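A.B. asks: For reference, the structure I am asking about is given below.
A short reminder: the numbers here are calculations on the coordinates, not readings from a lab. Predicted, not measured: the structure shown is a model, and the values here were computed from it. Every residue, glycine among them, receives a Cβ derived from its backbone with ideal geometry; neighbour counts consider all protein chains shown.
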Amino acid sequence: MKILYFAWLKDRIGIDEEELALPASVNTVGGLIDWLVAKGGGYAAAFEDRAIVRAAVNQDYAEEDARISDGDEVAFFPPVTGG
């Protein structure tokens, strides 16, 4: 699975993207966040206020209960404003 991080999430984690093999038990966006937070360090810092973190699965906005699987691209980013 390809995971992308944008803005301050990228800064806290220290990378802008990575390819990860997830355990079979990780099958939702929320499960992925939990799994990343458990890795500690920058991941825990990036998701410390997960209510403000937005996600997209295969370039479509997704909630924490959205299903994910191998081969998906998941992006995490802060709230976006327009103008």
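A.B. asks: Given +1 on the Cβ of Lys and Arg, -1 on the Cβ of Asp and Glu, and no further charges, what dipole in debye does the chain carry about its Cα centre, rounded to the nearest 20?
C.D. replies: In total the dipole reaches around 160 debye.
A.B. asks: Same structure again: Over the chain, how many percent of alpha carbon pairs lie in each 10 Å bin up to the one with the longest distance?
C.D. replies: 18, 59, 21, 2, 0
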